1. Among L181, Y265, I192, whose Cα lies farthest out toward the positive end of the dipole of the range 153-320, if unit charges sit on the beta carbon of Lys, Arg (+1) and Asp, Glu (-1)?
2. Rounded to the nearest 500 deg cm²/dmol, what is the calculated helix-only ellipticity per residue at 222 nm for the chain, with -39500 (n - 2.57) per DSSP H run of length n ≥ 4?
3. Placing unit charges on C-beta atoms (Lys and Arg positive, Asp and Glu negative, everything else neutral), compute the dipole magnitude of the range 253-337 about its Cα centre in debye, rounded to 20.
4. Under a plain spin-label model, where a point goes 7 Å from the Cα along Cα-to-Cβ, how far apart in nm are E162 and T90?
5. In units of 2.2 N^0.38 Å, what is the alpha-carbon radius of gyration of the range 204-337?
6. Just the Kirkwood number for the range 112-153, please: inverse of mean 1/r across all distinct Cα pairs, in Å, one decimal.
7. Could you tell me which of rounded, prolate or oblate describes the range 9-130, using a ≥ b ≥ c as the square roots of the eigenvalues of the alpha-carbon gyration tensor, with rounded for a/c under 1.5 and, failing that, prolate when a/b is larger than b/c and oblate otherwise?
8. Separation between the N73 and L336 pseudo-spin-labels, each 7 Å from Cα along Cα→Cβ, expressed in nm?
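A short reminder: the numbers here are calculations on the coordinates, not readings from a lab. Remember, it's a predicted structure, so these values are computed and weren't measured experimentally. All Cβ positions, even for glycine, are placed from backbone atoms using ideal geometry, and neighbour counts span all protein chains on display.
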Amino acid sequence: MKKKIIFRADGNKTTGLGHLYRLFGVVEMLKEHYEFVYLTRSSSTTSVIPKDYTTVLLGSDITSEKEPHWIANRYEPKNHIIIADGYHFTSLYQKEIKELGFQLIYIDDLAKEHMYADIVINHSPYLKVSDFTHESNTEFALGTKFALLRPSFLEAAKKTREIKSINKAFVCFGGADMLNLSLKATQALLQIDQIEEIHVVLGAAYQDQEIYALEKQASSRLHTHSNLSENELADLMTSCNFAIAPTSTILYELCCVKMPILGGYFVDNQELIYKGFLEKHAIFGGGDYTQYTVDSFKNAILGILEVKSYENCLHSQQELFDADIKQRFLNLIEHLC
C-alpha cells in the first residue's frame, strides 16, 4: 500500500505564518502523487490554507505532549509519513513519533535539537551534517537544492535574468514586522531619486499606519500590497529589480526570481541562512537589522547602487537553485516508502 502523508505545521498572525507557507511548497510538490492531510492547530490562521487541502484541526486541549498519541489514534502509523515544520517539534516529540511507528521528516532551521527523524531537511546553504546531533539512521537533505519553494518560484528558478541598473524596489519583512523595518527601508528609498518605484508587501499583522500616510504623499512612487496570492507575489517580484528583505523564506523566493538583494536578519533562525547566502555571494550583506536606522538603510542601498555590475550576484543565485528540486523531494518520499 502506498503511504499517505500528514503535513504538520502551525502559524498565526502573532507567531507568523512562515512554517505554514513553506510547507505549502512541499504539499504542492507532492500532492499529485500522494494522498495527504494538512494537520494544524485550531489557533492557526486557517484562512491562508488552500481550499483544496484536506485540513484537520488540533484542538487547544491537545498539548504537544499528547499530540503524538492523538495522531496515532487517528492515523495508522505504518501507513503514514509525517512531515513536520516548527520549532516545537523537539527531540522528545520526534522520539515519541518514531516510537509510535511513524516515519518522520522534520524541517529544521536551527540545528539545535537531537534529531530522531528519519530525514532532516534544512535548506540553509551554511550547514553540514556535522553540525547536527542525530541518530545513526537519520539522513539529511541539506542546502538550497532542497529549498522549500512554491510552484511559481520553482518555475522562476529555471529562468535566467539580466539586470543592468536599479530603479524599482521590492520590500518585505512579513508578519507583524514589530521593528517596523518596512517603514525605515521605505523612508530610505524615498530619499534616493534613482528609485522610481517602491513596492512594499506588508504582513497580515502589520499595524503601523505611517507607511500608508507616506503612500498618499508619494503615490506615484510608493505602493503597498497585502494578501497577495503566490502568483501575484511572483509577478510583483519580477516587476522589480532590487529587493530589501530578511534572510527567511522570502529571500529564497527572491533569489529564484533573481535580483540584487540587501539581506539581513532580525531573529535567530535567519542568521544561518544569512551566513550561507553571504558566503555564496548571492546577497549584499546587511547584517543585523535590529540595529538599523533609516540612515543605515540609505547608506547600504547607496553602496549597492554604486556597484558597476550585478552579474556575479545573479549568477550565484542561479547556481543555488535548479530545475530538479521537485524531483528531489519526490525521491525523499519514495526512499521512505
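1. Result: I192, furthest along the dipole toward the positive end.
2. Numbers: 12 runs with 120 residues, N = 337.
The per-residue figure over the chain is -10500 deg cm²/dmol.
3. Working: 7 positive and 12 negative charges, 30 e Å.
In total the dipole reaches around 140 debye.
4. So the two model labels end up 5.5 nm from each other.
5. Working: Rg = 17.0 Å, N = 134, 2.2 N^0.38 = 14.1 Å.
Normalised by 2.2 N^0.38 Å, the Cα Rg of the range 204-337 equals 1.20.
6. Across the range 112-153, the inverse of the average 1/r is 11.1 Å.
7. Values: a/c = 1.29, a/b = 1.11, b/c = 1.17.
Since a/c stays below 1.5, the shape of the range 9-130 is classed as rounded.
8. In this crude label model, N73 to L336 measures out at 2.3 nm.
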